[in-house]
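Input: a single structure, listed below in structure tokens.
The values are calculated or read from the model by the stated rules, or taken from the named source; none is laboratory data. In this text, all values refer to a predicted model and were calculated from it rather than measured experimentally. Don't worry about glycine lacking a Cβ; one is built from the backbone with ideal geometry, like all the others, and counts go over all protein chains shown.
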Protein chains: 2
Amino acid sequence: MGLVVQKYGGSSVADAEGIKRVAKRIVDAKKNGHQVVVVVSAMGDTTDELIDLAEQVSPIPAGREFDMLLTAGERISMALLAMAIKNLGHEAQSFTGSQAGVITDSVHNKARIIDVTPGRIRTALDEGNIAIVAGFQGVSQDKKDITTLGRGGSDTTAVALAAALDAEVCEIYTDVDGVFTADPRVVKKARKIDWISFEDMLELASSGSKVLLHRCVEYARRYNIPIHVRSSFSGLQGTWVSNEPHSEQGARKVEQAIISGVAHDTSEAKITVVGVPDKPGEAAAIFRTIADNEINIDMVVQNVSAASTGLTDISFTLPKTEGRKAIDALEKTKDAIGFESLRYDDQIAKISLVGAGMKTNPGVTASFFEALSDAGVNIELISTSEIRISVVTRADDVKEAVQAVHTAFGLDSDSDEAVVYGGTGR
Amino acid sequence: MGLVVQKYGGSSVADAEGIKRVAKRIVDAKKNGHQVVVVVSAMGDTTDELIDLAEQVSPIPAGREFDMLLTAGERISMALLAMAIKNLGHEAQSFTGSQAGVITDSVHNKARIIDVTPGRIRTALDEGNIAIVAGFQGVSQDKKDITTLGRGGSDTTAVALAAALDAEVCEIYTDVDGVFTADPRVVKKARKIDWISFEDMLELASSGSKVLLHRCVEYARRYNIPIHVRSSFSGLQGTWVSNEPHSEQGARKVEQAIISGVAHDTSEAKITVVGVPDKPGEAAAIFRTIADNEINIDMVVQNVSAASTGLTDISFTLPKTEGRKAIDALEKTKDAIGFESLRYDDQIAKISLVGAGMKTNPGVTASFFEALSDAGVNIELISTSEIRISVVTRADDVKEAVQAVHTAFGLDSDSDEAVVYGGTGR
């Protein structure tokens with residue numbers, strides 16, 4: 001029995017009852033002989049309430065002070081959780097990100113972890129305590145200012161601490177039972193995945209699956225920390241994410257599936273730059289403009305140019321939230337780059353099939369397209385990686401498309417059991 | 001133009017509007033050429049809400065975790081205040097008690113400041129910032145745990161920082177215009193005191209005046225830091241508390257009054273131990289019992305014993321909140337000590353006359369008793385110090401008594417201007 005890091009999201013500790021329920025679960029792990037480190041997010045709506053206050057006093061809150069403000073959220077939940085555990089007769093101490101040794105760079109609101117020096121956590125554990133650590137926050141290496149890690153930051157805190165403490169596993173508790181073969185709100189017969197490789201999980205995360213964020217999985221892969229995503233409401237085994245299938249503690253030894261799952265994403269828009277002169281440097285100029293405006297893009301497709309005109313079209317997808325900025329930036333360079341026009345389309349969906357098995361199963365791409373075609377879904381863009389195929393379709397088609405692909409690849413569950421599915425907190 | 005420390009209580013920063021109003025006042029001080037350090041309490045009801053949450057998860061919240069929880073309150077208010085100041089175009093940085101170098105002992109919930117090492121504050125000031133510091137909190141010297149300073153802790157933080165930074169003045173902003181010659185809710189003609197000595201202020205504070213707590217005044221006296229208590233709602237000069245009358249910046253040079261003011265306190269109860277054998281060690285046994293139960297007592301009176309019985313009565317006053325505990329503790333020792341019975345009376349008021357001038361004006365005590373007698377107020381206990389006379393009366397008599405004494409010593413104001421009076425936050 002070694003050290004376990006458990007992470008609980010905001011929905012798991014939304015109120016006093018939730019905190020007491022989580023405290024019981026933590027104490028159970030301790031009773032089972034584990035050393036337990038718990039990473040906790042802010043309670044339910046706390047963060048939104050703090051953001052609302054900030055907007056009332058300042059239209060554009062400063063990064064350093066905004067981080068100072070937001071980190072009050074975890075301070076509240078972690079102290080309450082430690083109290084609830086002590087009330088059950090076990091020793092617990094809470095630690096801020098800074099006290100836990102979470103050292104970051106100085107980029108406020110989206111800092112990156114540089115190092116973790118968990119000396120105080122180690123001491124607390126050695127003294128028999130359960131250690132409760134504030135997720136989402138750290139302290140900057142140079143200025144010793146409080147920082148926050150941005151979206152999904154608490155998961156990253158948990159994985160980083162698990163790595164620094166050489167934990168057996170990082171358990172991410174959330175309000176769903178694990179990672180599913182598709183979004184159960186869309187596909188009724190979506191199955192919970194028992195085990196998935198880091199690589200497939202990374203592709204699912206970047207293709208729209210919201211249970212784990214890319215950044216956290218990337219960190220876990222780098223330090224080879226097994227993640228166990230599971231529900232804080234049920235006692236069920238969830239999904240193991242690791243290099244190799246997990247065979248201990250009752251989890252079934254599972255074979256790697258050809259296909260891990262189908263992800264979809266309706267948060268992106270598509271921009272098409274129409275009538276771009278097909279000569280060296282044109283595409284570069286377009287994407288330099290986008291990059292200079294710090295806009296992240298996803299898929300990029302350029303068609304072969306029409307021989308008659310010497311002009312080509314370049315399409316790319318990007319978060320809808322960045323759409324306005326990108327259009328404005330490109331409009332300004334229209335004459336310099338010499339394209340004809342811009343088309344903006346935010347009624348798209350991206351559907352992705354993910355699975356390492358497709359490397360050695362050449363029929364996967366064909367089956368994917370056939371399934372979409374049979375469902376009457378038109379494909380607008382295609383992009384592939386070694387273990388993923390993504391297409392862009394009309395947003396209206398997303399449900400039929402995901403359902404059809406899920407069935408075609410034999411992912412449908414036999415059971416009709418209802419599953420609950422939601423997003424994670426930070 | 002030197003350094004000014006300003007402290008704002010919870011009622012001054014109760015909401016976004018309050019924070020913006022306070023930010024303007026701070027910026028004004030900066031524009032006048034001062035270096036400004038601001039100590040801020042938690043917003044309005046935040047602390048009560050956090051205590052309520054704590055009680056929901058644990059009936060007796062642990063000290064360390066309770067402090068961690070409560071300190072979230074100042075973290076929110078200080079970050080918002082810094083944002084509001086930056087929004088007015090001035091540089092500001094907020095600092096936790098720990099970051100500001102407020103080093104305390106390890107007694108959670110009522111820690112004492114051991115040292116203040118404000119290196120980061122000094123640097124922030126030298127870089128042109130307004131420094132915002134969380135009141136009420138520090139970090140323990142040995143364990144590096146977050147601590148809170150207990151009641152009135154934010155005022156103490158402000159005075160301690162003012163001392164460590166060698167400030168010109170510590171301005172305590174509150175919801176009243178200053179310290180008054182009596183509680184204006186009781187005495188309509190109470191006058192705002194322009195200047196009062198540390199010694200008189202200490203006596204007023206321990207006699208029921210709630211504007212400044214004893215502990216904060218004691219700290220200011222030790223380091224000779226002038227305090228200026230004033231309203232955050234008006235722009236008026238308030239009350240200066242210092243060694244010598246203040247003559248700068250428009251404040252009138254004032255002569256020391258014979259009497260500074262009349263304080264009253266209805267928060268105490270009286271316990272009389274009846275029929276105590278008048279022999280050595282009896283009183284000691286009673287008060288050892290009280291002390292062992294960590295009960296603070298105030299006035300103590302023992303009458304001459306009746307020659308016929310060899311028995312005496314011992315009376316003392318203590319906070320009503322400690323009454324039950326004291327009675328229970330004494331009952332247990334009844335046989336050992338050998339007293340006859342206990343009487344408990346919580347319908348009392350303590351009325352105190354404070355002023356260094358009474359040292360050299362022998363008629364003060366007589367005038368005080370005459371005023372009470374003329375008002376038909378009966379005196380039950382008397383206790384005096386060099387610069388204070390206190391009596392215990394019936395609680396029902398408190399208004400007439402305070403009013404009569406206030407008038408008798410010429411403290412009534414000529415103006416009928418209404419004044420607002422209330423308690424301070426923490």
Is it the case that segment A:141-149 has a residue that's of a type in the set (A, V, I, L, M), closer than 30 Å to residue A:123 by Cβ and in contact with a Pro (Cβ under 8 Å, 6 or more places away or on another chain)? no
Among the acidic types (Asp, Glu), over 16 Å from residue B:58 (Cβ atoms) and buried (at least 24 other Cβ atoms within 10 Å of the Cβ): which single residue out of A:74, A:55 fits that description? A:74
Being part of a strand (DSSP E or B), of a type in the set (S, T, N, Q) and in contact (Cβ under 8 Å) with a residue 24 or more places away in the chain: is that true of residue A:272 here? yes
Which members of segment A:275-333 meet the condition of being on the phi < 0 side of the Ramachandran plot, over 28 Å from the mean Cα position of the chain (by Cα) and in a loop (DSSP other than H, G, I, E, B)? A:278, A:279, A:280, A:303, A:304, A:305, A:306, A:307, A:308, A:309, A:333
Residue A:7, sole failed condition from (1) touching a helix residue (DSSP H, G or I) at 6+ places or on another chain (Cβ under 6 Å); (2) more than 13 Å from residue A:135 (Cβ to Cβ): (2)
Which pairs do you get when a residue that is more than 9 Å from every other protein chain (Cβ to nearest Cβ), found in segment A:47-59, comes within reach of a residue that is surrounded by 13 or more Cβ atoms within 10 Å (Cβ to Cβ) and part of a helix (DSSP H, G or I), reach meaning Cβ atoms under 7 angstrom, with the pair 6+ apart or on two chains? A:47/A:70; A:47/A:73
With more than 21 Å from the chain's Cα centre (by Cα), surrounded by 24 or more Cβ atoms within 10 Å (Cβ to Cβ) and touching a residue at least 60 places away in the same chain (Cβ under 8 Å) as the only criterion, which of A:88, A:3, A:69, A:81 stands out? A:81
Applying the selection to segment A:381-396, what residues are closer than 20 Å to residue A:318 by Cβ and not hydrophobic (A, V, I, L, M, F, W, C)? A:383, A:384, A:385, A:388, A:390, A:393, A:394
Do the conditions hold for residue B:229, that is, is it free of Cβ contacts under 8 Å to residues at least 60 places away in the same chain and hydrophobic (A, V, I, L, M, F, W, C)? yes
Mind listing whichever residues of segment A:32-84 are in contact with an Asp or Glu (Cβ under 8 Å, 6 or more places away or on another chain) and among the hydroxyl-bearing types (Ser, Thr, Tyr)? A:41
Given the residues B:20, B:30, which is the only one that is over 23 Å from residue B:140 (Cα atoms), at pLDDT 95 or above, surrounded by fewer than 22 Cβ atoms within 10 Å (Cβ to Cβ) and more than 11 Å from chain A (Cβ to nearest Cβ)? B:30
Quick check, is residue A:132 buried (at least 19 other Cβ atoms within 10 Å of the Cβ) and in contact (Cβ under 8 Å) with a residue 12 or more places away in the chain? yes
Would you check which residues across segment A:185-196 are of a type outside the set (D, E, K, R) and surrounded by fewer than 21 Cβ atoms within 10 Å (Cβ to Cβ) and list them? A:186
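Okay, residues lined up against (1) in contact with a Phe, Trp or Tyr (Cβ under 8 Å, 6 or more places away or on another chain); (2) surrounded by fewer than 21 Cβ atoms within 10 Å (Cβ to Cβ):
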{"site": "A:118", "(1), (2)": "no, no"}
{"site": "A:155", "(1), (2)": "no, no"}
{"site": "A:159", "(1), (2)": "yes, no"}
{"site": "A:163", "(1), (2)": "yes, yes"}
{"site": "A:168", "(1), (2)": "no, yes"}
{"site": "A:222", "(1), (2)": "no, yes"}
{"site": "A:227", "(1), (2)": "yes, no"}
{"site": "A:230", "(1), (2)": "yes, no"}
